[in-house]
Structure formats: structure tokens, C-alpha cells
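Structure, as C-alpha cells:
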Amino acid sequence: MRMPIIIYGSPVLRKKTFELDAGDDFVQLAENMKETLKNAEGIGLAGPQVGLLKSIFLVDTTPIKSDGIKPVEKVFLNPVILNHDDNTTWYNEGCLSIPGIHEDIKRPEKVEVRYRDLNFDWKEETLTGLEARIFQHEYDHLQGILFVDRLNALSRKLIDGKLRQIAKKKYVII
């Protein structure tokens, strides 16, 4: 079942999420979020973006048709960043919740993470490249942080009018 995507201006995007527990129906939730993500042609989707203050997000790089980008489809439950690389890189990011805006954001190139999988087993991994980038972007959503919050003051000022226009909408796109 496709879910509506909450857009910029909704208070839910600014709230921290709550951890899932073994009794939550996260498998069905992940399936619904996967269908929503594929329909929106995105590469990442977090709980708050579908109106849920749950610590879950998906990463799906399969829509990217480029050499050197490995296809990744993963669900992350209760993720944590354990460590990050001091080496950073710039990358042009966008967000399903902030349609039409893309900006260069600086993030660590590599992150060590821990999360639960769909069997609710703990996993630890070191992520690099685009997978690390998407993980950090979606993890920010779980903390109530949007990628535009990471812009410098001048860049933020330049898109402020666009953000206000988006916020005037009714908080949902389907």
C-alpha cells in the first residue's frame, strides 16, 4: 500500500523518532514504504516522511543507472551512526519531502553504523560512497533534521522563498 509523503512545512518532519520494538509490524511497514519509495522514484525514505515517528528508513539505489554505483536495497531499523570518517565530500542532494530543491551538502565519506534488519537482528557495517550518503541523509530525518538545515546561511537564504512556497501546500504528496 502506497503511503502519502509528508512535505516541508509539516511539524512531523522536525520531530525525533522512537525506536521500533520486536512487537511492531515493521515488515509490513517496510513493504509499504518500499512501494511508496519506488512509486516516487526516490533512493531513500524515512519514517517521518510518511508521517510515522518510527526509527526506520529504506535505501534503494536501483533507480540510479550509472557505472560504479552498486545496487543496494536495504531496510534499516533503529539505526545508529557509531563513527564517521574525517574525510568529507560534497554531493548534490534532494529530498522527496522538499520537491524541486537540490543543493550541495558536505558529509563524511564513510560511516560505521549499527542497525536491526527485518529479522530484528543487529548488524554492523561500514558504509561508503552513495550508500553512506543516503544513510546519513535518512538518519538525519530520524533526528528531525532536513538536508537544507546543513546549508550555510547564504545558500539557505537563496532558497528561502522556494521553501516558503513548498510549506504553503497541504503537507502531503501522493
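The values are calculated or read from the model by the stated rules, or taken from the named source; none is laboratory data. None of these values were measured; they are calculated from a predicted model. Heads up, the Cβs are rebuilt from the backbone with ideal geometry, glycines too, and the neighbour counts pull from every protein chain shown. Surface accessibility is based on the protein's heavy atoms, side chains included, excluding ligands, DNA and RNA. Shrake-Rupley method; radii C 1.70, N 1.55, O 1.52, S 1.80 Å.
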Positive-end residue, the chain charge dipole about Cα centroid, Cβ charges, pick of 128, 98, 108: 98
Order by protection proxy (mean Cβ within 10 Å, highest first), peptides 136-143, 20-27: 136-143, 20-27
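Ordering 8, 115 from largest to smallest accessible area (1.4 angstrom probe), what's the sequence? Write down the numbers at each step before the final one.
On the way: 8 35, 115 15 Å².
The ranking, largest first, comes out as 8, 115.
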Amide H contacts under 5 Å for residue 84, placed H, 5+ residues apart: 112
Unit charges at the beta carbon, dipole of the chain: most positive-side option, 79, 12, 48: 12
Student exercise, the chain dipole from Lys, Arg, Asp, Glu Cβ charges, in Debye to nearest 20: 960 debye
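Compute the accessible area per residue over region 67-137, keeping the other protein chains in place, probe 1.4 Å, unit Å².
Details: 3790 Å² over 71 residues.
Using a 1.4 Å probe on heavy atoms only, each residue of region 67-137 averages 53 Å².
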Cα-based reach from residue 70 at 26 Å (exclusive), listing lysines while leaving out same-chain residues under 8 positions away: 34, 38, 106, 110, 123
About the Cα centre, charge dipole magnitude for region 108-174 (Lys/Arg +1, Asp/Glu -1 at Cβ), debye: 740 debye
Volume in Å³ per residue [convex hull over Cα atoms, computed for region 31-174]: 117 Å³
Unit charges on C-beta of K, R, D, E only; dipole of region 10-56, Debye: 300 debye
Spin-label pair residue 1/residue 104, simplified geometry with 7 Å Cα→Cβ offset, distance in nm: 4.4 nm
